[in-house]
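Working notes, structure below.
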Amino acid sequence: MRVRALIVRIIRQFIHDKRTLALLIIVPLVVLSLIYLVFDGDTYQPKIGAVQVPDPITQHLVEHHAEVTVYGSAEDAEQALAGREIDAIVRMDAGAPRVKLEGSDPSKNRAAMAVIQAAMQDLAVLQSRAVAVTLPAFEYLHGGPDMSAFDSLSPVLIGLFAFFFVFLIAGVSFLRERISGTLERLLATPLRRWEIVAGYTAGFGLFTSLQAVLIAGYAVGALGSLMVGSFGYVLLIMLLLSLTALSLGTFLSAFADTEFQMIQFIPLVIVPQVFFSGLFDLENISPWLRWLSHVTPLKYGADALRDVMIRGEGWSAIAREVFILLGLALVFMAANVLALRKHRKI
Amino acid sequence: MSREQAACISVRGVTRKFGDKEVLHGITLTVRSGEIFGLLGPSGSGKTTLVKMLAGIDKATGGEIDVLGIRMPKLQMLSRIGYMAQSDALYAELTARENLAFFGSLYGLRGGRLKTRMREAMELVDLTAHLNRPVSAYSGGMKRRLSLAIALLHEPEVLILDEPTVGIDPVLRKSIWDELESLSRRGTTVIVTTHVMDEAGKCHRLGMLRGGRLIAEGTPEELKAASGAASIEEAFLHYGGVRA
């Protein structure tokens, strides 16, 4: 069986080339860990400078987890703000509080504003001496109060890593086959064009499956990413995503003449997909750009992974994405068989 | 068998265009069964383009090519043809044994048969001692020999070698030519491209290519006699329209 011969060869090549194997398997885990460390920290505690602020306000700020520094004069506080020692200054101006924000980091601005507003609200409630102030009770349909930024990002990230590393390695391997002349040599044997594509898909598929299991298992098991739905669905989506990356990478390698040109596909093919994958909120994107999101495989994978991992949805919610990914992979594979016609007509 | 042996390869009016550029202009030639046929010509004369079409990788723009009586290109024919490309198409990270096993199984060799053929082919090119070394550790000449071993592995009826002796030392070059001679005696048809004139003298018959045209065809002796030249090189210059 000729496809088997190709699979065996790809396995042997990986065994001899441990560095590439490491790129495929260890590097995604390392990068995922780094992102975990960056995003899973506790919520930011804003540093607030207080200038002649009444004690009750200061106390309430501290209660809402702000780091409050009291400054004797406005100048000192301004200096601290300019030196980025504090994120905001609160001072009293004709009885009303005035806030000045450092302003260059939106997330710090929001944190400081939220704390100050909460403190002032508490104060208002106390001063009005209202008998029954009903605070709203919060409920969550999905997630929960303890959901971290990493929980929300990790479905997209594991999809992205599975996609990116497989795309790169499969693309470059297939390209090398062409540059080194071994593709021509293969085409001088009775190997059919579809057998080449099938062999590549199956051979690389083994390693990408291993990668998918490791990445998803590591994110959920070791990094404690939120995982409400079925792990089996996560694996299915990851596998389809890497299959799409594999077929897209090998197909695009037909349009590159050197490894360098293959790398040039990263800003063209990978980076836009990252934007549309759900890492960023795209509610307000211009409508003429929105259609792009419908042609990016990563978006379908990431949407389905989010549905399963965060919202705990089952088959009915992800079926559409699963079939679209499968369809894209098949289209790219067929395109691959056709692209090989360039090298041998039969 | 008659004096005129059966035709193994028949090329009739073959042209090949890449875009608008025609690189082969109506080549017609015949290679007989069991002979060593040399395609002689400078680089860029169209030798590789022609042998790729004989090997079934490329398709002629015009004209016909029959190999063993079957119109090319034809997938089934590829298992009856052995091809050694000009560049060493080997997987550098794999060992010689793994390379042989891979190509062997593409031709349907397996088990004991594959082992025997691997041993025989490697003995022939004198690489038995290096069977388990990765190809990345091979010298240029060793890679060339391994490529030859791979082309011989499935005992093809037609062997097409594109510049087989480039980078091979004279001693080994002689042993490879001896082997080609012995393959030919056993009935294998061998087509060799070369731009080395003294090597051309070892071929049974020659086709001289220049600028995509076949300028002469015949045995080395015939070509020398007909052009009144003392060497193949002089004969080539004669047919190329350059007076020595």
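The values are calculated or read from the model by the stated rules, or taken from the named source; none is laboratory data. Source: prediction; values computed, not measured. As a convention, Cβ positions derive from the backbone with ideal geometry for all residues, glycine included, and neighbour counts pool all protein chains shown.
Structural remarks
- All conditions in (1) polar (S, T, N, Q); (2) in contact (Cβ under 8 Å) with a residue 60 or more places away in the chain; (3) within 14 Å of another protein chain (Cβ to nearest Cβ) hold for A:S148, with the sole exception of (3).
- Just one residue in the set B:A121, B:A137 is surrounded by fewer than 21 Cβ atoms within 10 Å (Cβ to Cβ) and more than 10 Å from every other protein chain (Cβ to nearest Cβ); that residue is B:A137.
- For the range B:22-38, the count of residues that are assigned to a strand (DSSP E or B), within 14 Å of chain A (Cβ to nearest Cβ) and not polar (S, T, N, Q) is zero.
- Scanning the range B:41-87 for residues that are in a loop (DSSP other than H, G, I, E, B), within 13 Å of chain A (Cβ to nearest Cβ) and hydroxyl-bearing (S, T, Y) yields a count of 2.
- Every pair of residues 6+ apart whose Cβ atoms lie under 8 Å, when the first sits in the range B:112-127 and is without any contact (Cβ under 8 Å) to a residue 60 or more places away in the chain while the second is assigned to a loop (DSSP other than H, G, I, E, B): B:R117/B:L109; B:R117/B:L153; B:R117/B:H154; B:R117/B:E155; B:M118/B:L131; B:M118/B:L153; B:A121/B:L153; B:M122/B:L131
- Among residues of the range A:227-254 that are hydrophobic (A, V, I, L, M, F, W, C), those with a beta-carbon under 7 Å from a residue that is assigned to a loop (DSSP other than H, G, I, E, B) at least six positions away or on a different chain give the pairs A:V228/A:I310; A:V228/A:R311; A:V228/A:G312.
- Within the range B:73-88, being surrounded by fewer than 24 Cβ atoms within 10 Å (Cβ to Cβ), in contact with a helix residue (DSSP H, G or I) (Cβ under 8 Å, 6 or more places away or on another chain) and aliphatic (A, V, I, L, M) holds for one residue alone: B:A85.
- Subset of the range A:264-315 that is free of Cβ contacts under 8 Å to residues at least 24 places away in the same chain and of a type in the set (G, A, S) - its residue that is surrounded by the fewest Cβ atoms within 10 Å (Cβ to Cβ): A:S286
- Pairing residues of the range A:178-189 that are at the interface with chain B (Cβ under 7 Å from one of its Cβ atoms) with residues that are of a type in the set (V, I, T), at Cβ distances under 6 Å and at least 6 apart in sequence or on separate chains, gives A:L187/B:I57; A:A188/B:I57.
- B:I191 meets each of the listed conditions (1) within 14 Å of chain A (Cβ to nearest Cβ); (2) over 19 Å from B:G34 (Cβ atoms); (3) part of a strand (DSSP E or B) apart from (2).
- The single condition among (1) within 30 Å of B:L100 (Cβ to Cβ); (2) more than 14 Å from every other protein chain (Cβ to nearest Cβ); (3) touching a residue at least 40 places away in the same chain (Cβ under 8 Å) that A:S209 does not meet is (3).
- If the condition is being in a loop (DSSP other than H, G, I, E, B), surrounded by fewer than 18 Cβ atoms within 10 Å (Cβ to Cβ) and at pLDDT 85 or above, then the range A:85-114 contributes A:E85, A:G103, A:S104, A:D105.
Conditions tested, residue by residue: (1) farther than 26 Å from A:K345 by Cβ; (2) in contact with a Ser or Thr (Cβ under 9 Å, 6 or more places away or on another chain).
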site: A:V166; (1), (2): yes, yes
site: A:G171; (1), (2): no, yes
site: A:F174; (1), (2): no, yes
site: A:R193; (1), (2): no, no
site: A:S209; (1), (2): yes, yes
site: A:A212; (1), (2): yes, yes
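- Looking across the range B:158-198 at every residue that is surrounded by fewer than 18 Cβ atoms within 10 Å (Cβ to Cβ) and acidic (D, E), the one that is farthest from B:L223 (Cα to Cα) is identified as B:D169.
- Annotation: of all residues in the range A:1-17 being in contact with a helix residue (DSSP H, G or I) (Cβ under 9 Å, 6 or more places away or on another chain) and charged (D, E, K, R), the one that is surrounded by the most Cβ atoms within 10 Å (Cβ to Cβ) is A:R9.
- Look at (1) surrounded by fewer than 22 Cβ atoms within 10 Å (Cβ to Cβ); (2) farther than 22 Å from B:K59 by Cα; (3) not basic (K, R) and you find that A:Q211 fails only one, number (1).
- Yes/no for A:V51 being in contact with a Lys or Arg (Cβ under 7 Å, 6 or more places away or on another chain) and surrounded by 15 or more Cβ atoms within 10 Å (Cβ to Cβ): yes
- Restricting A:L21, A:L37 to residues that are within 14 Å of another protein chain (Cβ to nearest Cβ) and over 30 Å from A:G95 (Cβ atoms) narrows the list to A:L21.
Residue by residue, here is whether (1) farther than 22 Å from A:L328 by Cα; (2) in contact with a Leu (Cβ under 8 Å, 6 or more places away or on another chain); (3) of a type in the set (D, E, K, R) holds:
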residue	(1), (2), (3)
A:I215	yes, yes, no
A:G229	yes, no, no
A:L235	no, no, no
A:T244	no, yes, no
A:F251	no, no, no
A:A256	no, yes, no
A:F260	yes, no, no
A:S293	no, yes, no
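- For the range B:88-171, the helices (runs of 4 or more DSSP H) that sit wholly inside it and include 2 or more residues that are of a type in the set (A, V, I, L, M) and farther than 24 Å from B:R185 by Cα are B:96-106.
- Qualifying residue in the range A:68-82 (condition: in contact (Cβ under 8 Å) with a residue 60 or more places away in the chain and either crowded, with 16+ Cβ neighbours inside 10 Å or over 36 Å from the mean Cα position of the chain (by Cα) (or both)): no
- Selection status of B:E98, within 11 Å of another protein chain (Cβ to nearest Cβ) and touching a His at 6+ places or on another chain (Cβ under 7 Å): no
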